[in-house]
Amino acid sequence: MFGKLFTRSASGRATVHVEPFGWTFEVEAGQTILQAALARGLPWPSRCRVGSCTTCRCCLLAGDVRTLTDASYVLSREQLANRVILACQSQPRGSVRVHLDRAAATLRRDADPSAAAADASVPAA
Amino acid sequence: MSHYLRFLGVHGFVLATVAGIALGGAWMWLGVAAIYGVMIAGDELIGDDFSEPAYAHPRLLDATLYLAPPLLALLCFVMAWHAGSGDLFGAGAGVQATLGVDPCAARAAHGPLHWLGGILSAGLTFAAVGTNIGHELTHRTTDRGAMLAGRWLLALTFDAEFAIEHVYGHHRRLATPADPATARRGEQFYAFLARSVVGQTRSACELERGRLETLGLGTWTLHNRYLGGWLMSAAIVAAFGLAAGLAGVAVFVLAGLAGRSVLEAVNYFEHYGLVRDPDAPIEPRHSWNSNKALSNAVLFNLARHSHHHAAGDAKFWQLRAYRDAPTLPYGYLTSMLLVYVAPGWYRDRMTPLVLEWDRRHADATERRLAAAANRASGLPSLQLAAQGQ
């Protein structure tokens, strides 16, 4: 409970680091990881945005998220055990580090993830 | 202020239905007549509203949603009282003492044709208020209170499983052949009604079974939300049986089924004939939109359907107009009435709009899918168009 106070900045924002692309971006309080990523023009793959198609899934490497929908309807037991989360249904509780499948991210033909990384990166400190 | 007050209007329709059934006789048709009459005329006369007001007090708007459970409980009570023969909780004597009207005399005057109006009124009210607000609430999957209230509202139309299928099925498969709740090109309403109900039931079962397996929970337990939903409906049926015997059960079950068919009529025209590559994101063009002012005020912006599907987590007051999205030719109640009484005519009415969608909205992949859907539609006008696609 208090950890949230310390890891979030005063404005209620949280920082998301995305591997292997090296993207770093801020998520406003109440925003999901996907909303923040798309707002910055990042080519994060997504389809339904209500937590059912699993296109936006990523792996939570560090940190904690608040999950908005019941992911057990759409993710397997193995995925849940491996901390796979849906970016469209996850609000970071403090800073998090996630891994996004490179193949999944390049599914979006209209954007090049490596090019987007240069625009989106902000100093992590 | 009016931006807030307009969302209270729907509860006036609940009161009209309650009053109509309580007055008895031909008044029992009051609910259905008022809802169709006011909505059809209002959408025609008032027209569109593209405004996107910023609401400083969204909690007030949420409060209007929570008026639905007590008001619909009142409706159920009045239905049960009039279907039964005793004086439930002394309500009849109380009404006579305070208002000076005799509910027992009203009850004695009910004939089968009057009850038909009462059942249609109650069914339409269950759908317009119960299903619609249940839809809004069960999208709020992290809010336990909203989920509970929403599922009880949906249970009035035997559809608490909607909370599973709609969010985790329909929103994922939208505008693809895999979605039972997307009407195909050339499909008539009554054929769609059967396919959609069967398909959504099957999908809800499969989704719930998958979830229970994933979590290692047993099928025949209270963890099973599919069964839980049916228990909610069964509890309401049992309450009607206790209060008013078989007549009470019959009245409620028929009203619930009528309400369920309303949901399917709405499903029918919200996505009729639209196609999407299952691997492509859901966009505003994959729903038929409407900015009719009255439809949106009464149905909590449900008619702003393009934004709802493009951003399923948006609350009703956040939904934007999307003027350029594919637009329905009529408001919601007008479309419903046409779908019910003239299903073939409505389907043909949509043919030029569907073909315009192919030209104006579809991307290259969707144009190919649309051409295939036109060929498979069984409608000569669509098949002819497919030759040039």
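The values are calculated or read from the model by the stated rules, or taken from the named source; none is laboratory data. Note that the structure is predicted; figures quoted are calculated from it, not measured. So basically every Cβ, Gly included, is an ideal-geometry build from the backbone, and we count neighbours across all protein chains shown.
Within the stretch B:1-41, the set of residues being polar (S, T, N, Q) and modelled with pLDDT of 95 or more comprises just one member, B:T17.
Going by the conditions given, is B:A342 among the hydrophobic types (A, V, I, L, M, F, W, C), surrounded by fewer than 23 Cβ atoms within 10 Å (Cβ to Cβ) and within 25 Å of the chain's Cα centre (by Cα)? It is true that B:A342 is among the hydrophobic types (A, V, I, L, M, F, W, C), surrounded by fewer than 23 Cβ atoms within 10 Å (Cβ to Cβ) and within 25 Å of the chain's Cα centre (by Cα).
Every condition in (1) crowded, with 21+ Cβ neighbours inside 10 Å; (2) within 13 Å of chain B (Cβ to nearest Cβ); (3) at pLDDT 90 or above; (4) not in a helix (DSSP H, G or I) is met by A:T69 except one, and the failing one is (3).
Is there a residue being among the hydrophobic types (A, V, I, L, M, F, W, C), more than 14 Å from chain A (Cβ to nearest Cβ) and buried (at least 22 other Cβ atoms within 10 Å of the Cβ) anywhere in the stretch B:171-184? Yes: the stretch B:171-184 contains one or more residues that are among the hydrophobic types (A, V, I, L, M, F, W, C), more than 14 Å from chain A (Cβ to nearest Cβ) and buried (at least 22 other Cβ atoms within 10 Å of the Cβ).
Tell me which residues, restricted to the stretch B:201-215, are of a type in the set (S, T, Y) and at pLDDT below 95. B:T214 - this is the single residue of the stretch B:201-215 that is of a type in the set (S, T, Y) and at pLDDT below 95.
Contact map, the stretch A:28-44: first residue more than 11 Å from chain B (Cβ to nearest Cβ), second residue buried (at least 22 other Cβ atoms within 10 Å of the Cβ) and in a loop (DSSP other than H, G, I, E, B), Cβ cut-off under 6 Å, separation 6 or more or different chains; pairs are A:A37/A:W44. Considering the stretch B:274-389, the qualifying helices (runs of 4 or more DSSP H), each wholly inside and each with 2 or more residues that are among the small types (G, A, S), run over B:293-298, B:305-310, B:364-376, B:380-387. If you go through the stretch A:45-65 and pick out every residue that is facing chain B (nearest Cβ under 8 Å) and of a type outside the set (V, I, T), you end up with 7. Would you call B:A314 within 14 Å of chain A (Cβ to nearest Cβ) and over 26 Å from B:R368 (Cβ atoms)? Here the answer is yes, as B:A314 does meet what is asked.
One residue stands out among those in the stretch B:146-168 that are away from chain A (no Cβ under 14 Å) and outside any helix (DSSP H, G or I): the one that is surrounded by the fewest Cβ atoms within 10 Å (Cβ to Cβ), which is B:F158.
Yes or no: the stretch B:190-207 includes at least one residue that is within 14 Å of chain A (Cβ to nearest Cβ), surrounded by fewer than 20 Cβ atoms within 10 Å (Cβ to Cβ) and out of contact with any Leu (no Cβ under 8 Å at 6 or more places or on another chain). Looking through the stretch B:190-207, at least one residue is within 14 Å of chain A (Cβ to nearest Cβ), surrounded by fewer than 20 Cβ atoms within 10 Å (Cβ to Cβ) and out of contact with any Leu (no Cβ under 8 Å at 6 or more places or on another chain). Restricting attention to the stretch B:180-223, the residues being assigned to a loop (DSSP other than H, G, I, E, B), closer than 24 Å to B:Q383 by Cα and free of Cβ contacts under 8 Å to residues at least 24 places away in the same chain number 1.
Among residues of the stretch A:76-101 being under 21 Å from B:R172 (Cα atoms) and in a strand (DSSP E or B), the one that is farthest from the other protein chains (Cβ to nearest Cβ) is A:I85. Across the stretch B:59-96, the number of residues qualifying as of a type in the set (G, A, S) and crowded, with 16+ Cβ neighbours inside 10 Å comes to 5. When B:L71, B:L5, B:L15 are screened for being out of contact with any Phe, Trp or Tyr (no Cβ under 9 Å at 6 or more places or on another chain), within 23 Å of B:L124 (Cβ to Cβ), without any contact (Cβ under 8 Å) to a residue 24 or more places away in the chain and in a helix (DSSP H, G or I), only B:L5 passes. Residues in the stretch B:9-43 that are within 21 Å of the chain's Cα centre (by Cα) and not β-branched (V, I, T): 17 in all.
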